[in-house]
1. So for the range 57-126, averaging the separation of alpha carbon pairs under 8 Å that are six or more residues apart and normalising by length, what relative contact order in percent results?
2. When only C-alpha pairs under 8 Å and at least 6 residues apart count, what is the relative contact order of the range 60-208, in percent?
3. Just want the ordering: K354, K128, K317, from fewest to most Cβ atoms lying within 10 Å of their own Cβ.
4. Classify the range 222-374 as rounded, prolate or oblate, taking a ≥ b ≥ c as the square roots of the eigenvalues of its Cα gyration tensor: rounded when a/c is under 1.5, otherwise prolate if a/b is larger than b/c and oblate if not.
5. Taking square-rooted eigenvalues a ≥ b ≥ c of the alpha carbon gyration tensor, is the chain rounded, prolate or oblate, where a/c under 1.5 means rounded and, failing that, a/b exceeding b/c means prolate?
6. Show me 230-243, 149-162, 259-272 ranked by packing, highest mean number of other Cβ atoms within 10 Å first.
7. Evaluate the distance, in nm, between pseudo-label points positioned 7 Å from the Cα of T2 and of F355 along their respective Cα→Cβ axes.
8. Of L118, L332, L217, which has the largest mean-square fluctuation in a 10 Å C-alpha GNM of the chain?
Amino acid sequence: MTQTVLVLNSGSSSLKYQLVDPASGQSVAGGIVERIGESSGSATHQSGESETVRDAPVPDHGAALRLVLDLFDEVGPSLADAGITAVGHRVVHGGAVFTEPTLVDDDVVTAVRDLVPLAPLHNPAAVKGIEVARELLSHLPHVAVFDTAFFAPLPAAAATYALDRKVMAEHGIRRYGFHGTSHEFVSAAVADHPAVVAKLAAEGRGPETLRQVVLHLGNGASASAVLGGRPVETSMGFTPLEGLVMGTRPGDLDPGIVFHLVRTGMSASDVDTLLNKRSGLLGMSGVNDMREVRKLAGTGDADARLALAVYLHRLRKYVGAYAAVLGGIDVLTFTAGVGENDHRIRSGTVRDLKFLGLTIDPAANEARSDEARVVSAGSGSEKPLVMVVPTNEELAIARQAMELVEGS
Ligand code: AMP
């Protein structure tokens with residue numbers, strides 16, 4: 001019988017879910033409940049080819065999960081017959097405590113709650129999601145999978161900020177990194193790809209020498225440098241604010257800007273909102289979706305064109321820096337919404353990086369596909385590859401949850 005995992009991703013006002021078969025990698029059904037806690041809510045449930053939309057207020061995460069369970073009951077597939085082995089929860093921040101997928105018990109819930117000061121925007125929703133799911137699906141094991149876990153082994157030189165060591169110890173300040181589930185999934189898929197295996201074989205090198213840069217470019221965006229499967233650098237830091245330009249976050253920023261804004265009258269919470277919700281592409285161009293930025297830039301809008309230039313400049317800077325960290329690049333990979341779909345971002349990043357051997361084959365780059373693929377030009381085993389690899393965080397969570405439950 002098929003075994004599945006119900007993957008839950010609880011946001012502050014949304015609940016995303018997917019029923020995944022980890023063995024085949026297929027998503028059986030899934031959807032999203034949006035605008036939780038607002039006066040009007042809605043749920044969109046997808047099962048096979050059919051999509052069902054329910055519009056109704058959803059007061060809290062408990063009501064959201066109840067609505068999801070009702071939709072499975074009414075529209076299918078039946079959860080009772082789905083062979084669910086575990087519920088996998090995406091948790092953004094695992095702090096220094098959680099470096100592995102973890103079977104949830106009361107102590108784990110308390111520990112995730114204790115991490116709320118480190119991730120005030122993200123962990124409260126995860127706690128709520130876990131609590132209601134443990135109540136409504138009490139017969140199933142629940143597994144928490146942490147977005148920070150993959151980056152726990154970052155070398156100390158990369159993980160440490162040059163701050164007062166006592167302040168860092170007291171406040172748990174270090175580079176945690178985020179999007180770890182995606183960086184782990186994508187870098188593993190790259191290492192297994194036939195073109196990469198062939199490249200290493202042709203060069204007589206083992207997989208432990210593979211030098212990868214992964215660019216996760218979605219609404220949030222982050223870069224990682226991975227050596228032989230282990231992370232050695234990543235662009236997000238103590239919070240998901242640092243690094244690349246994102247949909248609504250600025251990425252790297254002089255902290256002096258924050259003091260200046262506070263000293264000249266902006267409250268700390270307004271600065272928080274500015275940096276998390278009103279910056280990045282949105283702040284610079286007025287829209288946060290890359291497709292909209294492109295449309296505006298196409299009409300000659302100067303702000304949108306500058307936003308694109310800043311976005312690409314930051315990307316090139318990071319690839320160059322990570323090439324230095326790794327001592328060269330074997331594979332540069334694009335993933336997530338922008339990385340998988342926007343060929344101009346890919347070619348724009350690689351342009352001017354020929355000195356690293358990076359190239360783009362325009363036809364391969366512009367061809368649409370859902371498959372992991374090579375988009376660099378030429379062959380020659382010494383040349384680095386440029387790849388596009390679709391990320392699948394739900395599948396990664398489902399696999400990790402299943403592995404933990406099966407092994408326990
Ligand atoms: P994610 O966070 O990975 O779901 O990515 C979402 C983002 O991907 C959206 O906000 C868009 O900016 C971007 N995106 C999705 N499709 C496209 C596309 N065809 N071209 C450019 N950007 C896209």
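We did not get these values from a lab; they are worked out from the coordinates using the rules stated. Owing to the predicted nature of the structure, the values given are computational and were not obtained by experimental measurement. Note that we place each Cβ from the backbone using ideal geometry, even for glycine, and neighbour counts take in every protein chain shown.
1. 29 percent.
2. Relative contact order here is 25 percent.
3. Values: K354 9, K128 20, K317 13.
Ordered by Cβ neighbours within 10 Å, fewest first: K354, K317, K128.
4. Oblate, since a/c reaches 1.5 and b/c is not below a/b.
5. Working: a/c = 1.42, a/b = 1.22, b/c = 1.16.
Rounded, because the longest to shortest axis ratio a/c is under 1.5.
6. In decreasing order of mean packing, 230-243, 149-162, 259-272 become 230-243, 149-162, 259-272.
7. With each label point 7 Å from Cα toward Cβ, the separation is 5.2 nm.
8. Highest fluctuation of the listed residues: L118.
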